[in-house]
Amino acid sequence: MNQKGRSENEVLSLLKNAMQKDTSYDKVLSAMCTQPHPIAVKAHMQFIESNMGDFGLFQGTKELEEKVIKMMGGMLGDDNACGYVTTGGTESNIQALRTARNMSKKKHPNIIVPTSAHFSFDKIADLLGIEIRKASLDTEFRVDMDSVSNLIDNNTIALVGIAGSTEFGQIDPIDRLADLALSNNLFLHIDAAFGGFVIPFLEKKYDFDFSVKGVTSITADPHKMGLSTIPAGGLLFREEACLLPLEIDTPYLTIRKQHSLAGTRSGAAVAASYAVMMHLGMEGYKKIVKRCMKMTAMLVKGCCDLGIEPLIEPVMNIVALDVPDLDDVRKKLRAKGWATSITRNPKAMRLIIMPHLNDNTIELFISDLGECIHRNVYHI
Ligand SMILES: *Cc1c(COP(=O)(O)O)cnc(C)c1O
């Protein structure tokens with residue numbers, strides 16, 4: 001740090017310089033986050049001082065958090081679900097499995113996740129001392145039920161299903177996982193970090209939430225398709241008792257107990273989530289998802305016309321494309337300003353069609369993609 005402080009203008013201009021190196025979302029097809037809704041930004045700024053780590057001082061924000069959880073519970077099949085606003089999918093997944101572990105009291109616990117699980121589960125293995133067993137996928141990238149069954153043993157404490165897998169946007173057979181969990185007396189956690197704010201609004205209906213008997217907890221992130229500000233994740237439990245294993249005494253705060261993983265945490269993101277959910281309502285989100293799905297269909301059609309097929313018919317606004325010379329094509333696309341991503345197994349181009357995109361961007365992308373592959377053909 002400098003001995004003497006710099007003027008506000010000087011600092012602001014330093015910030016401006018830094019921001020110029022950040023990528024604007026315009027040509028980003030690789031992100032699960034997006035520009036927050038303007039009302040979320042307003043609410044965030046309004047509540048910038050609020051600390052949910054000591055919510056005794058911030059009763060108003062605390063009430064907003066309860067309302068956010070209630071709205072999310074309603075969206076996910078149980079008006080009476082309980083939980084809290086986390087920093088994101090990672091914290092939600094950690095806390096859900098921490099509850100499962102603490103409730104089971106097994107010495108060498110293991111959990112079974114699909115190989116398509118988000119890398120936060122590898123953090124969980126390390127942090128919680130839980131063995132993570134990875135079940136294989138079927139040809140449509142859903143978890144294979146036989147594989148899950150075969151991995152269960154006396155030390156298994158939980159099953160994890162993904163509703164909107166990070167790479168393929170696929171939904172595991174949650175009802176069948178629930179049957180298996182119930183018959184083996186296991187905790188069933190659903191990771192819908194991305195899908196939580198998508199699946200309820202799709203034309204096609206999926207059983208993936210608390211409406212399925214046997215689902216114990218759900219992760220769903222307002223800071224992804226919920227259009228809230230970062231950091232806003234959601235962790236929901238069907239039973240209030242699930243929060244107890246997370247409770248810690250907090251002797252020097254205005255509250256007695258805390259169950260979040262983070263201590264000091266953002267009340268601004270809570271207010272932002274509340275604002276955008278109140279403002280959009282179920283209808284608003286439905287419109288946004290519909291628009292993203294329309295762009296997704298347009299993208300797939302354009303790619304098929306170029307001879308590039310998706311690995312599966314997209315279930316949500318995530319597309320995995322079988323692109324020849326993938327690394328090279330991605331590099332060329334990057335040079336044209338496009339940020340794309342990849343899937344691991346099989347390796348393919350992964351694109352997420354978020355609300356910050358529009359029809360023109362999709363058309364431009366298809367045309368640039370066409371150029372990049374044709375140029376490749378020409379070089380051969
Ligand atoms: C994004 C994502 C996560 C992690 O969420 P963060 O908010 O980045 O911590 C976990 N699971 C799934 C399925 C995701 O898509």
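The values are calculated or read from the model by the stated rules, or taken from the named source; none is laboratory data. The structure presented is a predicted model; accordingly, all values stated were derived computationally and were not measured. Using ideal geometry, Cβ is built from the backbone for each residue, glycine included, and neighbour counts are taken over all protein chains shown. Note: areas computed on protein heavy atoms with side chains; ligands, DNA, RNA excluded. Shrake-Rupley method; radii C 1.70, N 1.55, O 1.52, S 1.80 Å.
With a Förster radius of 22 Å, plug the Cβ-Cβ distance of Lys205 and Lys347 into 1/(1 + (r/R0)^6) and report the FRET value to the nearest 0.05. Using R0 = 22 Å, I get an efficiency of 0.10. Considering all alpha-carbon pairs of the range 79-222, what whole percent are spaced by more than 26 angstrom? Taking all Cα-Cα pairs of the range 79-222, the fraction more than 26 Å apart is 14 percent.
If a/c stays under 1.5 just call it rounded; otherwise compare a/b with b/c (prolate if a/b is bigger, oblate if not). Do that for the range 52-105, with a ≥ b ≥ c from the square roots of the Cα gyration tensor eigenvalues. Note, shape of the range 52-105 comes out oblate.
Taking 0.36 nm per residue of separation and subtracting the Cα-Cα distance, full extension of the segment from Ser183 to Leu127 would add 17.3 nm. Dividing the summed -39500 (n - 2.57) terms of all DSSP H runs of n ≥ 4 by the residue count of the chain sets its mean residue ellipticity at 222 nm at -13000 deg cm²/dmol.
Rg over Rh for the range 232-339 works out to 1.17, both radii taken from alpha-carbon positions and Rh defined as the Kirkwood radius.
Pair-distance distribution of the chain: all C-alpha pairs, bin width 10 Å, starting at 0; shares per bin in whole percent are 5, 22, 29, 25, 14, 4, 0. Of the residues Ala320, Asn184, Gly129, the one whose Cα sits farthest towards the positive end of the charge dipole of the chain is Gly129 (charges of +1 on Lys and Arg Cβ, -1 on Asp and Glu Cβ, taken about the Cα centre).
Among beta bridges identified by DSSP and lying wholly in the chain, the antiparallel ones come to about 55 percent.
Among the protein heavy atoms of the range 67-198, carbon and sulfur supply 45% of the accessible surface, probe 1.4 Å, non-protein parts ignored. Using R₀ = 30 Å, calculate the FRET efficiency as 1/(1 + (r/R₀)^6) where r is the Cβ-Cβ separation of Ser7 and Thr264; round to 0.05. Once the sixth-power term is evaluated, E becomes 0.55. In a DSSP loop and with at most 16 other Cβ atoms within 10 Å, the GluC sites (Glu not before Pro) in the range 122-225 are Glu140, Glu203. Looking at the chain, the accessible area is 48 square angstrom per residue; that uses a 1.4 Å probe and ignores ligands, DNA and RNA. Across the chain, C-alpha contacts under 8 Å between residues 6 or more apart give a mean separation that, scaled by the residue count, equals a relative contact order of 23 percent.
Can you pull out the trypsin sites (Lys or Arg not before Pro) in the range 87-169 that DSSP calls coil and that have at most 11 other Cβ atoms within 10 Å? Display every interim value, and only then the final one.
Details: sites: Arg98, Arg101, Lys105, Lys106, Lys107, Lys123, Arg133, Lys134, Arg142; in loops: Lys105, Lys106, Lys107, Arg142.
Of the trypsin sites (Lys or Arg not before Pro), the ones in loops of the range 87-169 whose Cβ has at most 11 other Cβ atoms within 10 Å are Lys105, Lys107.
The share of alpha-carbon pairs in the range 303-380 lying farther apart than 19 Å comes to 31%. Hey, which of these cross-link pairs are over 19 Å Cα-Cα: Lys62/Lys224; Lys204/Lys287; Lys106/Lys213; Lys294/Lys347? Result: Lys62/Lys224; Lys106/Lys213; Lys294/Lys347 exceed 19 Å.
Each Lys and Arg contributes +1 and each Asp and Glu -1, all at the Cβ; summed about the Cα centre of the chain, the dipole is approximately 720 debye. Measure out, as a whole number of angstrom, how far apart the alpha-carbon centroids of the range 154-233 and the range 14-59 sit. Each part's Cα centre sits 26 Å from the other's. Extension gain for the segment Ile248 to Leu364, taken as residue separation times 0.36 nm less the Cα-Cα distance, is 36.5 nm to one decimal. Restricting the range 1-44 to trypsin sites (Lys or Arg not before Pro) that sit in a DSSP loop and have at most 12 other Cβ atoms within 10 Å of their own Cβ leaves Lys4, Arg6. Volume of the convex hull of the range 1-66 (Cα atoms only), normalised per residue: 193 Å³. Seen from every direction in turn and averaged, the convex hull around the alpha carbons of the range 32-82 projects onto 4.7 nm².
For the pair Met19 and Glu239, a Förster radius of 30 Å applied to the C-beta separation gives a FRET efficiency near 0.10, rounded to the nearest 0.05. With the simple model of a label 7 Å out from the Cα in the direction of the Cβ, Lys107 to Lys70 spans 4.7 nm. Each peptide among 187-196, 28-37 gets the average number of other Cβ atoms lying within 10 Å of its residues, and from highest to lowest they stand as 187-196, 28-37. For the pair Lys336 and Asp322, label points projected 7 Å from Cα toward Cβ lie 2.2 nm apart.
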